[in-house]
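Novice: One structure, pasted below without further comment.
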Amino acid sequence: MARPLVAEINLKALRHNYQLACQQSARDQALAVIKADAYGHGAIQVAKALEDMAPAFAVAAIEEAETLVAAGIKQPIVLLEGFFSADELPLIHQRGYPLVIHSSWQVDALSLFFKQDNQDQINPLQIWLKVDTGMHRLGFAPDQAVQVHTLLKQQPWVKEIILTSHLACADDLNNPFTQQQLSTLFRLKNQLGTPVSLANSPATLGWPSACEGWLRPGIMLYGASPLKPGHPLGDQLQTVMTLKSRLISVRQIAAGEKVGYGGRFVAKKPTQIGVVACGYGDGYPRQAVDGTPVGVRGQVCQLAGRVSMDMMTVDLGNLDNPQPGDEVELWGPQIDVNEVANHCDTISYTLLTGLLPRVKRLYI
């Protein structure tokens, strides 16, 4: 009998979430961001589920793009961090990968590559010119971006330029910094007459003025809202991944008894403790505190004691006659992955992308 832990991936919900993103764009233009193995959901399976809907995909690096090409994906695949070494350029040129350019050394490397190459065989590239509008991570300062844009427009190896930037605080709908970033990029857009891409998941859901050009939905595709509960669009997202397992043991402990490594959990009264086949060796966070919600047979129970490598212990509360084999939901439609993340002092992104390969993915 196989270990019962499984991540069930609902592809219908995935398609719903992508369509919701597209509805926020006047032109229905949305890159499906499937980096980090589609946030732990399986990049190939996610791409195939969206290939009749998404005009393009986006990944972090060429290795991720090559995996998709090898699986038969035909859509353009944008390299969100561009290239890390000039050694990648022959393959980028061959495949025609659209790529983000964020630093002068990349422009120099491209110029040198195409200068050395046979000009009659140039396959012009779509360039996503990254502008640092205030996040100060990657990108050209606005004035420098104008100069780089002018240079790129003169190159025969440039097919199209798209201005792009990343919003640092879009998940906070009351933070004025987002509007400052938007204003900076739109000033450049008007000055240069170039299309833009600004809207990540929180901006797609919560900043309509950012939804121009190419949207870049990521976490929202997978049903985890980056906004606080109660947002009219965020609440329309459907859960894609359900991480579920089963109880493998049930025991009764007396008041004062301790559970797990270090005896962190101490029973205040006679308590039913269930052991679940899931642990940090599967990617469930070890830092989860007592009280982290766990669904058992449809009832919300609580983590009790430290998470082990392969198991975790749960206070079953007043659950009637729990038995080994009862289904457990670690996160999914009942247990919001954002709520689990809050109890672990992290974010849903880390939980989803941190799910390890030994957890079987089941696609429905």
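The values are calculated or read from the model by the stated rules, or taken from the named source; none is laboratory data. If you're wondering where the values come from, they're calculated on a predicted model, not measured in any experiment. Because the Cβ atoms are built from the backbone with ideal geometry, glycine has one as well, and the counts that use them run over all protein chains shown.
Novice: State all residues of region 194-218 that are touching a residue at least 40 places away in the same chain (Cβ under 8 Å), more than 17 Å from Val78 (Cβ to Cβ) and within 17 Å of the chain's Cα centre (by Cα); if no residue qualifies, say none.
Specialist: Listed by number, the list holds a single entry, Leu205.
Novice: Here are some residues: Asp282, Asp320. Which one is within 25 Å of Ala254 (Cα to Cα) and modelled with pLDDT of 95 or more?
Specialist: On the way: Asp282 fails: within 25 Å of Ala254 (Cα to Cα).
Only one candidate passes the filter, namely Asp320.
Novice: OK, next. Return the only residue of Ala71, Ala60, Ala47, Ala65 being more than 20 Å from Gln106 (Cα to Cα) and within 20 Å of the chain's Cα centre (by Cα).
Specialist: Details: Ala71 fails: within 20 Å of the chain's Cα centre (by Cα); Ala60 fails: more than 20 Å from Gln106 (Cα to Cα); Ala65 fails: more than 20 Å from Gln106 (Cα to Cα).
Exactly one of Ala71, Ala60, Ala47, Ala65 is more than 20 Å from Gln106 (Cα to Cα) and within 20 Å of the chain's Cα centre (by Cα), namely Ala47.
Novice: Here's a check for you: in region 129-149, which residue that is more than 14 Å from Thr194 (Cβ to Cβ) and among the aliphatic types (A, V, I, L, M) is surrounded by the fewest Cβ atoms within 10 Å (Cβ to Cβ)?
Specialist: Ala141
Novice: If you don't mind, there's one more thing I want to ask. Would you be able to say whether some residue in region 342-358 is surrounded by 15 or more Cβ atoms within 10 Å (Cβ to Cβ), at pLDDT 95 or above and among the charged types (D, E, K, R)?
Specialist: No: zero hits.
Novice: Sticking with this one: Every residue in region 276-321 that is of a type in the set (Val, Ile, Thr), crowded, with 20+ Cβ neighbours inside 10 Å and part of a strand (DSSP E or B), please.
Specialist: Selection gives Val276, Val294, Val296, Thr313, Val314.
Novice: Something else: Suppose we keep only residues that are in contact with a Ser or Thr (Cβ under 7 Å, 6 or more places away or on another chain) and β-branched (Val, Ile, Thr) within region 314-343. Which one would you say is nearest to Ile9 (Cα to Cα)?
Specialist: Val337
Novice: Out of all the residues in region 208-230, is one or more of a type in the set (Lys, Arg), closer than 30 Å to Ala49 by Cβ, out of contact with any strand residue (DSSP E or B) (no Cβ under 8 Å at 6 or more places or on another chain) and in a loop (DSSP other than H, G, I, E, B)? Lay out the reasoning, then the answer.
Specialist: Step one: filter region 208-230 for residues of a type in the set (Lys, Arg), giving 216, 228.
Those still in the list that are closer than 30 Å to Ala49 by Cβ too: 216, 228.
Among the residues that remain, those that are also out of contact with any strand residue (DSSP E or B) (no Cβ under 8 Å at 6 or more places or on another chain) are: 228.
Next cut, in a loop (DSSP other than H, G, I, E, B) only: 228.
Looking through region 208-230, at least one residue is of a type in the set (Lys, Arg), closer than 30 Å to Ala49 by Cβ, out of contact with any strand residue (DSSP E or B) (no Cβ under 8 Å at 6 or more places or on another chain) and in a loop (DSSP other than H, G, I, E, B).
Novice: Just wondering, is there one or more residues in region 184-193 that are assigned to a loop (DSSP other than H, G, I, E, B), in the same structural domain as Leu99 (by TED's automatic domain parsing) and either without any contact (Cβ under 8 Å) to a residue 12 or more places away in the chain or not small (Gly, Ala, Ser) (or both)? Lay out the reasoning, then the answer.
Specialist: To start, the set of residues in region 184-193 that are assigned to a loop (DSSP other than H, G, I, E, B) comprises 193.
After this cut, where a residue has to be in the same structural domain as Leu99 (by TED's automatic domain parsing) as well, the list is 193.
Next, from what is left, pick out any that are either without any contact (Cβ under 8 Å) to a residue 12 or more places away in the chain or not small (Gly, Ala, Ser) (or both): 193.
Yes.
Novice: Quickly run through region 129-148 and pick out the residues that are under 27 Å from Pro176 (Cβ atoms), in a helix (DSSP H, G or I) and of a type outside the set (Val, Ile, Thr). Spell out the reasoning first.
Specialist: Step one: list which residues in region 129-148 are under 27 Å from Pro176 (Cβ atoms), which gives 129-146.
Then keep just the ones that are in a helix (DSSP H, G or I); that gives 142-146.
Matches in region 129-148: Pro142, Asp143, Gln144, Ala145.
Novice: Which residues, counting only those in region 217-268, are under 30 Å from Leu31 (Cα atoms), buried (at least 22 other Cβ atoms within 10 Å of the Cβ) and among the aliphatic types (A, V, I, L, M)?
Specialist: Ile219, Met220, Leu221, Ala224, Leu237, Val240, Met241, Leu243
Novice: Another question about this same structure. What helices (runs of 4 or more DSSP H), lying completely within region 3-52, carry at least 3 residues that are out of contact with any Asp or Glu (no Cβ under 7 Å at 6 or more places or on another chain) and surrounded by fewer than 20 Cβ atoms within 10 Å (Cβ to Cβ)? Spell out how you get there, then give the answer.
Specialist: On the way: elements: 11-22, 35-40, 43-50.
Where helices (runs of 4 or more DSSP H) fall fully within region 3-52 and carry at least 3 residues being out of contact with any Asp or Glu (no Cβ under 7 Å at 6 or more places or on another chain) and surrounded by fewer than 20 Cβ atoms within 10 Å (Cβ to Cβ), they are 11-22, 43-50.
Novice: Can you list residue pairs whose Cβ atoms sit under 9 Å apart, with the first residue in region 138-158 being on the phi > 0 side of the Ramachandran plot and the second being of a type outside the set (A, V, I, L, M, F, W, C)? Count only pairs 6 or more apart in sequence or on different chains.
Specialist: Gly139/His102; Gly139/Ser103; Gly139/Lys130; Gly139/Asp132; Gly139/Thr133; Gly139/Thr164; Gly139/Ser165; Gly139/His166
Novice: If you check Leu319, Leu355, which single one turns out to be within 18 Å of Val275 (Cβ to Cβ), in the same structural domain as Ala254 (by TED's automatic domain parsing) and of a type in the set (A, V, I, L, M, F, W, C)?
Specialist: On the way: Leu355 fails: within 18 Å of Val275 (Cβ to Cβ).
So the residue among Leu319, Leu355 that is within 18 Å of Val275 (Cβ to Cβ), in the same structural domain as Ala254 (by TED's automatic domain parsing) and of a type in the set (A, V, I, L, M, F, W, C) is Leu319.
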